[in-house]
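Here's the structure we're looking at; comments come further down.
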Amino acid sequence: MRRIQIDDIAPGMRLARSLYYQYGGVMLAAGAALDERSIARLREFGYRSLYIHDTDLDDVICHDYIDEQARQKITHHVTTLYDHLREETRNILDPADIAEASGQELREKMEDRRFQRAFERARVPDTFLEAVEKIMESILSDREMALCVGTIKTVNTFLYDHSLEVAIHAAILAKHLGFPRGEIRDIVLGSMLHDIGHIFLPEDLVKRKTPPTESEMETLRQHTVLGYYLLKERSDISLLSAHVAYQHHERQDGAGYPRGLTGRNRIIWKQEALGSGTIHRFAEVVAVPDFYDELTSDLPYRKAVPPDEAAQAVREAAGTGLNDEVVQAFLSYLPVFPIGTSVVVTTGKFAGWRGVVVGLDRSDLSRPQVRLLYDPTHRLKKPVNVNLLEDDETSVRADWK
Ligand SMILES: [Fe+2]
Ligand SMILES: [Fe+2]
């Protein structure tokens, strides 16, 4: 399996992972051969890249926390919850008004009893909470770290896939940092809902094809406040989970939003009162996978950043933007080159050759085992395996174009 940009996909290539419709059901099963028509359709659905089957990589196994079907089910619950909410609240909170509204006005609208009742009518929480338990269970009982490439998101499903991906990572991170079980649950729930405020924003803004302008950014920033006011009154969601939605874009140096809170670059276990001007540790944990997952996702106006560059960006954001203690924990288990990543050799006797990461050793997650499939001009008849742990001269970078 290797990841290929949609522009480089040729008829006859076979899918390595099944693709699903947003509301469940298989769109194309793993193993299906692609033709011109299906490629055009996938492009329309918002796919920018796909995992393609490669017989030279048949033996590569990849361990994931949640199997594809369970993942699909969970995404379906999130989608249903968000859709209900969007429909139920449209006549109370008009997306077109949001850009102009002050924080106080938004608050009044969201605290409107009709609005809160609409949220209660959405009634997904049971299935949704079960989904949260499922993520917890598989992560807390799993001793192996997942080392493979992430799911591919489309424009239409970004919000849901992103929420799940952030929740999975936040759970691993919280476990790693020693958070107690009850707190991990609130963190997972908060992660699943951290961007829920987006559903109230104008659709053409969320799906825009160009980077946001400063005034569009202002509107986008409202998603934190909208999400918070929506969640904070609910008895089945802890206030701290609501604060994840409120604070996940706050930054250590105070340059974040919406309130410019600050952090201490370590986990404060005995938290000061909410409202004391510091970021809550739950939000600091969620902020790191949120930052990483957004970078490594294709967005309508830019391609995904390769995983090695994204890991570097996280490292650089530590201290000023992201909580340093949380970042160090994240980088201690994050594979810089997840299994399945296409790479190009940059130094050593294979410089210029291309291949795929096929294995990782936990002793050094930045030195993967690579299978080279192409020399600078041809596909190799027989692939060459190189273990970077045993070969100091060879280095690679992700090859995502
Ligand atoms: Fe966000
Ligand atoms: Fe996010």
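Consider the stretch 212-262 and keep the residues that are charged (D, E, K, R) and within 28 Å of Tyr301 (Cβ to Cβ). The one that is nearest to ligand 1 (Cβ to nearest atom) is Arg221. For the stretch 52-104, a residue qualifies if it is among the hydroxyl-bearing types (Ser, Thr, Tyr) and either within 21 Å of Ser138 (Cα to Cα) or free of Cβ contacts under 8 Å to residues at least 24 places away in the same chain (or both), and the qualifying residues are Thr55, Tyr65, Thr75, Ser102. If the condition is being away from ligand 1 (no atom under 13 Å from the Cβ) and either over 20 Å from the mean Cα position of the chain (by Cα) or part of a helix (DSSP H, G or I) (or both), then the stretch 201-211 contributes Pro202, Glu203, Asp204, Leu205, Thr210. Checked against (1) acidic (Asp, Glu); (2) surrounded by 14 or more Cβ atoms within 10 Å (Cβ to Cβ); (3) more than 22 Å from the chain's Cα centre (by Cα), Glu250 passes all but condition (3).
Cβ separations smaller than 9 Å between residues 6+ apart or across chains give the following pairs from the stretch 247-266 residues that are β-branched (Val, Ile, Thr) to residues that are not in a loop (DSSP other than H, G, I, E, B): Thr262/Thr278. For the stretch 68-90, the criterion of being among the small types (Gly, Ala, Ser) and touching an Asp or Glu at 6+ places or on another chain (Cβ under 8 Å) is met by none of the residues. Of the helices (runs of 4 or more DSSP H) lying entirely inside the stretch 118-200, those carrying at least 1 residues that are over 19 Å from the mean Cα position of the chain (by Cα), at pLDDT 90 or above and not hydrophobic (A, V, I, L, M, F, W, C) are 181-192. For the stretch 263-293, the set of residues classified as within 15 Å of ligand 1 (Cβ to nearest atom) and hydrophobic (A, V, I, L, M, F, W, C) consists of Ile279, Phe282, Ala283, Val285, Val286, Ala287, Val288, Phe291, listed by residue number. Filtered by the rule that a residue be within 16 Å of ligand 1 (Cβ to nearest atom) and either polar (S, T, N, Q) or out of contact with any helix residue (DSSP H, G or I) (no Cβ under 8 Å at 6 or more places or on another chain) (or both), the stretch 158-200 gives Phe158, Ser163, Ser191. Scan the stretch 242-258 for residues that are farther than 12 Å from Glu284 by Cα, in a loop (DSSP other than H, G, I, E, B) and in contact with a Phe, Trp or Tyr (Cβ under 8 Å, 6 or more places away or on another chain) and the total you get is 1. Counting only residues that are surrounded by 16 or more Cβ atoms within 10 Å (Cβ to Cβ) and assigned to a loop (DSSP other than H, G, I, E, B), which one in the stretch 337-365 is nearest to the chain's Cα centre (by Cα)? In this case the residue turns out to be Pro338.
The set of residues from the stretch 208-237 being farther than 25 Å from Ile92 by Cβ and away from ligand 2 (no atom under 16 Å from the Cβ) comprises Lys209, Thr210, Pro211, Thr213, Glu214. Close Cβ contacts (under 9 Å, 6 or more residues apart or on different chains) running from residues in the stretch 192-221 that are touching a residue at least 40 places away in the same chain (Cβ under 8 Å) to residues that are within 12 Å of ligand 1 (Cβ to nearest atom) and part of a loop (DSSP other than H, G, I, E, B) comprise His194/His248; Asp195/His248; Thr219/Leu201.
The values are calculated or read from the model by the stated rules, or taken from the named source; none is laboratory data. Note that the structure is a prediction, hence the values are computed from the model and not measured. Glycine gets a Cβ as well: all are built from the backbone with ideal geometry, and neighbour counts include every protein chain shown.
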